[in-house]
Ligand code: CAA
């Protein structure tokens, strides 16, 4: 039988193996790590053995050489079990490995990709700053060339994986006053003096087992050869990186949506009120139908965007569309799943409250829903 999603046998095998892994290794600890706000490093090691930290990296650099569709399927399955772990994986692969693959020169790829792909080191993506959130071009971090080094100063916030990362990609202004064309991107080693880990975000609304920190650059010395891409191309490099990253966030939305659907179906069949399973009441049954339809549509949008990227087609708009839709689906699905669970859904005895808390980040991280609507509409309206 052919796959309803038009997947190859290889893609289906990968999805199934990640699903099995997530069911056995991630789902049982998901609520515990959320409660303890702890990134389970031992789990990341196991994920690395499955190549989950280097899925898209060519085998020559130590990765699995998989395509974007496979990556999206893997992110969905991991997130279905734990969105925090899905986010950790998405930031590492989609925002660190990916720009080095796309913009790195051969020596940079040889040096940085194998340890990242084998999961020996974790990566972090340093873009957001206190004054540069949605306005990513408002970067205030600076990099000044001194001899064969760049001296970097500034502050980045909300950096996923930042407390554990050994490799960072970052943006900094290299030509002040030149707007987005004055921004360059760099690869930095996080164990260098001047790469300072600041405050760790605690008691976040969701994604509590993922690591979110502030990073301070205090006269951080970055070797000249660590300029990533051409000088002045950093903003575009990071925008192109986010085009791929947003497909990963879309896949996370599908993962949370599917988890909410699974929980809603299970509870609707088990829970009895007025002498029968609540799923027999049309109000509940229709909620389940709506969640399922939403999740399926989101999955197809994600696959569409991933296929565009795999085909080398422009995918800025498909990526924003899938991210926008799937993140809002995750919110709707988890909200309905709580409603179906009633009072029980409001407690930590059931996972649906975690899905709801985690889903909110997807409407914010890697570009808010408002920014996705801006990206999509600007392309359509071409108003400049
Ligand atoms: N691909 C290639 N080039 C692109 C591009 C893309 N997707 N988007 C923009 N560019 C180019 C433009 O073509 C333009 O080039 P020219 O100057 O040659 O014409 C240049 O970049 C500037 O583009 P804009 O004029 O569109 O820039 P803007 O200042 O208006 O910003 C924006 C556009 C879409 C709002 C952008 O700033 C944006 O996406 N903001 C959201 C940022 C974001 O997603 N942040 C979350 C990061 S996640 C994180 O940091 C935390 C973590 O650890 C996960």
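The values are calculated or read from the model by the stated rules, or taken from the named source; none is laboratory data. Remember, it's a predicted structure, so these values are computed and weren't measured experimentally. All Cβ positions, even for glycine, are placed from backbone atoms using ideal geometry, and neighbour counts span all protein chains on display.
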State whether one or more residues within segment 75-97 are within 16 Å of the ligand (Cβ to nearest atom), in contact (Cβ under 8 Å) with a residue 24 or more places away in the chain and surrounded by fewer than 17 Cβ atoms within 10 Å (Cβ to Cβ). no
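Scanning for something assigned to a helix (DSSP H, G or I) and surrounded by fewer than 17 Cβ atoms within 10 Å (Cβ to Cβ), does segment 359-369 turn up at least one residue?
no
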Within segment 363-381, can you find the residues that are within 9 Å of the ligand (Cβ to nearest atom) and either without any contact (Cβ under 8 Å) to a residue 40 or more places away in the chain or more than 16 Å from residue 136 (Cα to Cα) (or both)? 364, 374, 378
Which count do you get for residues in segment 156-169 that are more than 13 Å from the ligand (Cβ to nearest atom) and not in a strand (DSSP E or B)? 1
Please indicate, with yes or no, whether at least one residue in segment 279-295 is in a helix (DSSP H, G or I) and in contact (Cβ under 8 Å) with a residue 60 or more places away in the chain. no
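Going through segment 339-358 one residue at a time, which ones are more than 15 Å from the ligand (Cβ to nearest atom), within 24 Å of the chain's Cα centre (by Cα) and part of a helix (DSSP H, G or I)?
Result: 352, 353, 354, 355, 356, 357.
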So which of 172, 132, 136 ends up being more than 30 Å from residue 352 (Cα to Cα), without any contact (Cβ under 8 Å) to a residue 60 or more places away in the chain, more than 17 Å from the chain's Cα centre (by Cα) and within 16 Å of the ligand (Cβ to nearest atom)? 132
Residue hits (segment 322-338; in contact (Cβ under 8 Å) with a residue 24 or more places away in the chain, more than 15 Å from residue 80 (Cβ to Cβ) and away from the ligand (no atom under 13 Å from the Cβ)) are 322, 325, 328, 331, 332, 336
Failed criterion for residue 153 (all others in (1) in contact with a strand residue (DSSP E or B) (Cβ under 7 Å, 6 or more places away or on another chain); (2) touching a residue at least 12 places away in the same chain (Cβ under 8 Å); (3) within 15 Å of the ligand (Cβ to nearest atom) hold): (3)
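Inspect all residues belonging to segment 249-268 and state whether any of them is without any contact (Cβ under 8 Å) to a residue 12 or more places away in the chain, touching a helix residue (DSSP H, G or I) at 6+ places or on another chain (Cβ under 8 Å), closer than 30 Å to residue 292 by Cα and surrounded by fewer than 23 Cβ atoms within 10 Å (Cβ to Cβ). Spell out how you get there, then give the answer.
The initial filter retains those residues of segment 249-268 that are without any contact (Cβ under 8 Å) to a residue 12 or more places away in the chain, namely 266.
Filter once more, keeping what is touching a helix residue (DSSP H, G or I) at 6+ places or on another chain (Cβ under 8 Å): none.
Checking segment 249-268: not a single residue is without any contact (Cβ under 8 Å) to a residue 12 or more places away in the chain, touching a helix residue (DSSP H, G or I) at 6+ places or on another chain (Cβ under 8 Å), closer than 30 Å to residue 292 by Cα and surrounded by fewer than 23 Cβ atoms within 10 Å (Cβ to Cβ).
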Determine if segment 4-20 includes at least one residue that is modelled with pLDDT under 95 and either within 25 Å of residue 98 (Cα to Cα) or in a loop (DSSP other than H, G, I, E, B) (or both). yes
Has segment 208-218 got any residue that is assigned to a strand (DSSP E or B), away from the ligand (no atom under 14 Å from the Cβ), crowded, with 22+ Cβ neighbours inside 10 Å and in contact (Cβ under 8 Å) with a residue 12 or more places away in the chain? yes
How do the pairs read when you match residues in segment 344-361 that are in contact (Cβ under 8 Å) with a residue 24 or more places away in the chain with residues anywhere that are surrounded by 24 or more Cβ atoms within 10 Å (Cβ to Cβ) and not in a helix (DSSP H, G or I), using Cβ under 6 Å and keeping only pairs 6 or more apart or on different chains? 358/207; 361/207
Search segment 229-245 for residues being crowded, with 23+ Cβ neighbours inside 10 Å and closer than 18 Å to residue 132 by Cβ, and hand back the single one that is nearest to the ligand (Cβ to nearest atom). 242
Within segment 52-60, is even one residue crowded, with 24+ Cβ neighbours inside 10 Å, under 18 Å from residue 365 (Cα atoms) and either touching a residue at least 60 places away in the same chain (Cβ under 8 Å) or under 12 Å from the mean Cα position of the chain (by Cα) (or both)? no
